[in-house]
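The values are calculated or read from the model by the stated rules, or taken from the named source; none is laboratory data. Computed from a prediction, not measured in an experiment: that's the story for all the values here. Heads up, the Cβs are rebuilt from the backbone with ideal geometry, glycines too, and the neighbour counts pull from every protein chain shown.
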Amino acid sequence: MGDKQQFSLWYFFITLAMLVVLQTLLLTPHAEIVDYSMFKTLVNQKLVTNLLVGHETITGEIKPDGVKRALSEERLKAIKYEGQKNLPFTTVRVEDPRTQPMCRKNTVRKRHTWST
């Protein structure tokens, strides 16, 4: 009797692991890749928020007003963007001494990992 209960417990853990993997793959929002010049434009127009500036990348969210400026109509249709939520993005960080002051001046919420 004990062997059957242990066997069933393994099925439970395998099923749970599969559900976690599926949830991670299917329900995690995909970050759009934005080029650095578009990123600077969006920052100057105060259309980004929740920035995280790392050593190699900058991630954050584009506000709904900026999404149509950042992405083509084809891309908006492909991701089925409805225009009501912030859209996660990432860009490659360029060594630009103006990036830090520009982000500080023009963003609402930010988290920094500036390298000095």
Evaluate the following for V67: is it in contact with a Cys (Cβ under 7 Å, 6 or more places away or on another chain), in the same structural domain as P97 (by TED's automatic domain parsing) and either surrounded by 15 or more Cβ atoms within 10 Å (Cβ to Cβ) or part of a strand (DSSP E or B) (or both)?
no
From the set of residues in segment 16-37 that are outside any loop (DSSP other than H, G, I, E, B) and touching a residue at least 40 places away in the same chain (Cβ under 8 Å), which is surrounded by the most Cβ atoms within 10 Å (Cβ to Cβ)?
E32
Being of a type in the set (S, T, Y) and in contact with a helix residue (DSSP H, G or I) (Cβ under 7 Å, 6 or more places away or on another chain) narrows it down to one residue among T91, T24, T57, T41; which is it?
T91
Mind telling me which of the residues K85, K46, K80 ends up being part of a loop (DSSP other than H, G, I, E, B) and farther than 30 Å from R104 by Cα?
K80
